[in-house]
Amino acid sequence: GHRSVESTQIYTQVSIRALQAVHASTHPAEQRDRPGVADEE
């Protein structure tokens, strides 16, 4: 743990941003909007 919640919040925000980036780059709905990516429907 950390002495201050502010220290923990820094790591939490980095993790959320990383998760959002992975989600945006791999989610099927996002892939459909990208040119050159085959639509599986």
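Before moving on, here are some points about what is shown:
- Inter-site label distance for A29 and T8 at 7 Å from Cα along Cβ, in nm: 3.1 nm
- Measuring only protein heavy atoms, the 1.4 Å probe finds T8 accessible over about 60 Å².
- Legend: residues I16, I10, sorted from most to least accessible area (1.4 Å probe; ligands, DNA and RNA excluded), read I10, I16.
The values are calculated or read from the model by the stated rules, or taken from the named source; none is laboratory data. Just so it is clear, the model here is predicted, and its values are computed rather than measured. Virtual Cβ from ideal backbone geometry, glycine too; neighbours counted across all protein chains shown. Calculation scope for accessible area: heavy atoms of the full protein, side chains included, ligands and nucleic acids excluded. Shrake-Rupley method; radii C 1.70, N 1.55, O 1.52, S 1.80 Å.
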